[in-house]
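Here is the structure we will look at, set down as structure tokens.
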Amino acid sequence: MTAPLAAAPAAEAIQKPPRGAGEKPSLVGLSRAGIGAELAAIGVEPKQIRMRTAQIWNWIYARGVTDFGDMLNVSKDMRATLADAFTLARPEIVAEQVSEDGTRKWLMRFPPRGAGRPVEIETVYIPEIGRGTLCVSSQVGCTLTCSFCHTGTQKLVRNLTAEEIVGQILVARDRLGDFPDKSTPVGAAVPSEGRLVSNIVMMGMGEPLYNFDNVKEALLIASDGEGLSLSKRRITLSTSGVVPMIPRAGEEIGSMLAISLHAVRDDLRDILVPLNKKYPIAELLDACRAYPGLSNARRITFEYVMLKDINDSAADARELVRLLRGIPAKINLIPFNPWPGVNYQCSDWETIEAFSDIVNRAGYASPIRTPRGRDILAACGQLKSESERMRARERLALEAMMADSED
């Protein structure tokens, strides 16, 4: 991406792409009011709209149906009418990769919108003992050009719609057998109990706060008790620091917040996260201190990628503690995940542990995130929708970098 920072879009600057002629609208990703409006438009009687909306909502999100014909408590004539007018289609799965550690990555393709072209994004599922976390994308590409991030090398194509964001969650639940009457694939790595998709993190491709309206609509569906029914405490929205939108995220979405910090000095963060030139560290942390609902039970997570000889000194750790004083927080230390062409290296493990010790002694939880899915380019900072087209020599280079980082 070569466009200057000033070219980054405001939250509502990119409009939803229009549908092509003859393309059926989807009911996925619509609010209840939106579904009701669509039903009214096809002539459903006003006195039936509330009931029909509740039925459709339950079938889409609680039961996971993809065919109106399976909505068994809806009359046969109404099912036919719905099928003629609307779709419940999922995104196309172009590729599914499974890491040696059980992490799954899906390359998903969405159809062209209006005069556009098909677009692709990546979504990642990370199974752990007590939970299954889905890393969801909000944009095709990204404008932020963070220098350590593979996604930042892909130009922004467009925002994803609420339908496309919710669609990623539905696909994951489909593929994992996480809907009633569906079975988990044999041999799949999943949590031993409870929901298979128990947590959502908006940490995939794109900056969620530059696509605020669609992300909001999607996450409200995800947290709806009669919808996908995920607790807001299990939904985390990650931002690189779009300061003006942070209060709205707290007030209107109410999810947990994660900040991609990665540096404790403005001069360095200007390089690592160029958005810092617009919203420097002090301004960002002031917004964090004022985040609605902030408490010890609803801490902000600060993401900090560990870059060898760049941001990993003991002095950096002490300054991080000083900066975050007074903010209920957890600091996730992320060993850098390499990708072809990058000039950074991961900090030595001893350095990461020493950094963590300083932060822990100051009273902050400071887990070191175990790299997951590196072998399929599914780890933090590695997502890019063209990754499945990587040339053989680039894959060999990646394997060499990973081997060096593990020595």
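The values are calculated or read from the model by the stated rules, or taken from the named source; none is laboratory data. Predicted model only: the values in this text are computed from it and were never measured. With ideal geometry, Cβ positions are generated from the backbone for all residues, glycine too; neighbour counts draw on all protein chains shown.
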Going through the range 28-65 in order, the residues found to be under 28 Å from the mean Cα position of the chain (by Cα), free of Cβ contacts under 8 Å to residues at least 40 places away in the same chain and in a loop (DSSP other than H, G, I, E, B) are VAL65
Hits in the range 300-315 - residues which are crowded, with 19+ Cβ neighbours inside 10 Å and not β-branched (Val, Ile, Thr): PHE302, GLU303, TYR304, MET306, LEU307, ASN311, ASP312
What pairs come up if the first residue lies in the range 155-166 and is touching a residue at least 24 places away in the same chain (Cβ under 8 Å) and surrounded by 21 or more Cβ atoms within 10 Å (Cβ to Cβ), the second is assigned to a loop (DSSP other than H, G, I, E, B) and of a type in the set (Ser, Thr, Tyr), and their beta carbons are under 8 Å apart, counting only those six or more places apart or on different chains? LEU156/THR143; ASN159/SER138; LEU160/SER137; LEU160/SER138; ILE165/SER137; ILE165/SER138
Would you be able to say whether some residue in the range 295-305 is assigned to a helix (DSSP H, G or I) and either within 16 Å of PRO208 (Cβ to Cβ) or assigned by TED's automatic domain parsing to the domain that holds PHE212 (or both)? no
Out of all the residues in the range 212-232, is one or more part of a strand (DSSP E or B) and either at pLDDT 95 or above or under 22 Å from GLY34 (Cβ atoms) (or both)? no
When you scan the range 137-157, do you find a residue that is hydroxyl-bearing (Ser, Thr, Tyr) and within 22 Å of VAL65 (Cβ to Cβ), even just one? no
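This table checks each residue for (1) surrounded by fewer than 18 Cβ atoms within 10 Å (Cβ to Cβ); (2) modelled with pLDDT under 95; (3) of a type in the set (A, V, I, L, M).
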residue	(1), (2), (3)
ARG50	yes, no, no
TYR61	no, no, no
GLY69	yes, no, no
PRO111	yes, yes, no
